[in-house]
Each structure stands twice: as structure tokens, then as C-alpha cells.
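Participant: One structure is given below, represented as C-alpha cells, and several questions about it will come after.
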Amino acid sequence: MIARDYLLKAMDKDKQVRITIAHTTTLVEEARRRHNTSATASAALGRVLTAALIMGSDLKNEKDALTLRVNGDGIAGPIVASVDSVGHGRAFISNPAADLPSSSPGKLAVGELVGRGGYLEVIKDAGLKQPFVGRVNLVSGEIAEDLSSYFLLSEQIPSLVALGVLVDTDLSIKAAGGLIIQAMPGADDILLGKIENNVLQMGSISAVMVQSQDVESVVATVMSDIAYDVIAERPLAFKCTCSRERLAAILANLTREELAETIEQTGKLEVSCNFCGEVYHFSEQEIIKNKKP
Ligand SMILES: [Zn+2]
């Protein structure tokens, strides 16, 4: 068991290959609890959130943000994760209760739930006028394979991606984690083959996370017989950016008629955040007070 959520980034001594490995069990469990996801939806959501957090570790500036959106044609509906540059992430799945029977023992039907048609989109916002947007068609809906295709087609980086979420019988998350290995231009094929082989030998990433004591030892397994340096370490956490003020500002944009209609229908003003499920209650007076004249 690994005690906390964090990631490590390492490079071989010749700086040809970069690997990032993340342990995310606690934060994926928080996402599951907040969204009350089915077993298969937990796996899909956890994979997307873990991948986004790994990708977010490459953001350059403090205020940069990254959104990973998986828009498959399956019953899960869109899955969206949004992360900042310091290891905080939040995510939602459009149909958290959606589930499908698994097609093979021990493997949740994530690809079927997400769908094999549709697209994966990465939006990097560096505070410029236009954010960077990269989009590829889904390959399998299993997320890791789709991301690998994204890196190759959209960023021209050959990558090996593994993502795993192990769901316990009580639906809680037993383990979650992921790794992304990327070849620098001109990287040695023998070195790449060796690392790929190490990853294959290691087995599923979620099982590795259950068995390991720390992420350091997982990095050591992937890089066995290869000299490397750990170049970064960072804690990871589920954290949303919503607040009472922010949602009050959104409500204040509704017309008086729309406000009256909402209150009439539900008897109250209640807004929940898509990303974290937090529910905020407001009085009509509170919103009207915020309205611009
Ligand atoms: Zn929120």
C-alpha cells in the first residue's frame, strides 16, 4: 500500500526517455464518493483524472490549466477532468450511474461504457488569447490507448500510457494510478524496447500500486538496468475551484423571470457543482442583491 497520492518524474541519464508515474488511489476514491459512480464509471473517471494529473505536471506556469475531455458515444457520456499546474484535479462523468457487465473476468468494461466512437480532446490554457486544443478520434475508449494516439498524432511524441483503477467489492477504490513514458526525439530503440519490456513484465498498473510501498519502487522497476534520475516529485489531490461566490455570480446572470421560475419549480435556489457535486443553497434575496442593475 502506498500511503499518499503523488507522482514522480524520472529520466534516463542520457535524457532520451522521460517517465511519469502517479499514485492516485485517495483522490480517485474522493471522486467516486462525490459522484457516486458505478464500478465501471469509477474506473473510467479515475483513468481520465489520473491521466490529466500526469499531463498537468508538464504545465509550465503556475496559472496554467489543462482539461482532458473524453467524448465517447457510449452510455457514460462525456468525461471531463480539469487540473492545475500544482497537482490539483477535479473531474466528472456525465452518467455516473451508468454501468455494463464486464466482458472478461477481472476487467471492467470501460471501453464499452465510454464508447469506441467519438473523440478525446486536450485543452491547455496558458493564459494566452487562444488556448491550445488538440483532438483525436478515440481508438478503443479504454483511455490509455486513446491518449497514446493523442500524443502521437497531436504532439508527435511516441508514448506508452498505462492507467488503472481497481474497484473493490464494496465499490470503494482499492488502487489507482498511471504512467506515461515518452521518447525524446532520436531516442535509442534498444532503450525504448527495454523500458517497454519492463512495463509489460510488471503487469497491470493498478495491481502494481496495490503491491508497492511507494512510487519510487515502481519507477525503479520500470527503469531496472537503466541509470536514471528522479527529476520531479509532487503531491496530488482532488480539489475543485468552485466557491459560493463564483456560483452566486453565475446565478446573478439569470433574469428575474428565470430566477422566479427556478424557485417556483423547486421551492429553493440550489446549485450543485458539476465537477465536485458540492451543493450550494442561496436565498432569492441573496442573488438579487448580487444582480447588476
Ligand atoms: Zn466544485
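Participant: Let me check against my output: what whole-number percent is the relative contact order of the chain, with C-alpha pairs under 8 Å and at least 6 apart?
Facilitator: Relative contact order for the chain comes out at 24 percent.
Participant: Can you give the log10 of the normalised intensity I(q)/I(0) at q = 0.15, 0.23 Å⁻¹, computed with Debye over equal Cα scatterers of region 1-96?
Facilitator: -0.61, -1.15
Participant: Another question, if that's okay. So if I take the alpha carbon set of region 171-293, get Rg, then get Rh from the Kirkwood formula, what is the Rg over Rh ratio?
Facilitator: Rounded to two decimals, Rg/Rh equals 1.29.
Participant: So what is log10(I(q)/I(0)) for region 50-159 at q = 0.16 1/Å, when the Debye sum runs over its Cα atoms only?
Facilitator: For region 50-159 at q = 0.16 Å⁻¹, log10 I(q)/I(0) is -0.73.
Participant: Also, I was wondering about something else. Kindly provide the helix-only [θ] at 222 nm of the chain, computed as the sum of -39,500 (n - 2.57) over DSSP H runs of four or more divided by all residues, to the nearest 500 deg cm²/dmol?
Facilitator: After summing the helix terms and dividing by the residues of the chain, the value is -10000 deg cm²/dmol.
Participant: Among Asp170, Asp64, Asp73, rank each residue by its count of other Cβ atoms within 10 Å, from fewest to most, as a rough exposure measure.
Facilitator: Asp170, Asp73, Asp64
Participant: I'd like to know how region 190-243 sits against the 2.2 N^0.38 Å rule of thumb: what's its Cα Rg over that expected value?
Facilitator: Output field value: 1.45.
Participant: Stretch Asn197-Asn36 to full length: gain in nm at 0.36 nm per residue minus the Cα-Cα span?
Facilitator: 54.3 nm
Participant: Region 167-216: Rg/Rh from Cα coordinates, Kirkwood Rh?
Facilitator: 1.11
Participant: Output the Cα-based Rg and Dmax of region 244-290 in Å, rounding Rg to one decimal and Dmax to a whole number.
Facilitator: Calculated on Cα positions, Rg and Dmax stand at 10.1, 28 Å.
Participant: Over all alpha-carbon pairs in region 131-210, figure out the percentage whose distance exceeds 22 Å.
Facilitator: 35 percent
Participant: List the residues, sorted by chain then number, that are 5 or more residues from Ala175 or on another chain and whose placed amide H is less than 5 Å from its amide H.
Facilitator: Amide H neighbours of Ala175: Leu166.
Participant: Projected area of the chain, taken from the Cα convex hull and averaged over every viewing direction, in nm²?
Facilitator: Its average projected convex-hull area is 17.3 nm².
Participant: Next question, about the same structure. What aspartates and glutamates sit close enough to Lys239 to cross-link, taking a C-alpha to C-alpha distance under 12 Å and skipping anything fewer than 8 places away on the same chain?
Facilitator: The qualifying aspartates and glutamates are Glu30, Asp84, Glu278.
Bear in mind that the values in this text are calculations on the coordinates, not laboratory data. All of these numbers come straight from a predicted model, not from anything done at the bench. As a convention, Cβ positions derive from the backbone with ideal geometry for all residues, glycine included, and neighbour counts pool all protein chains shown.
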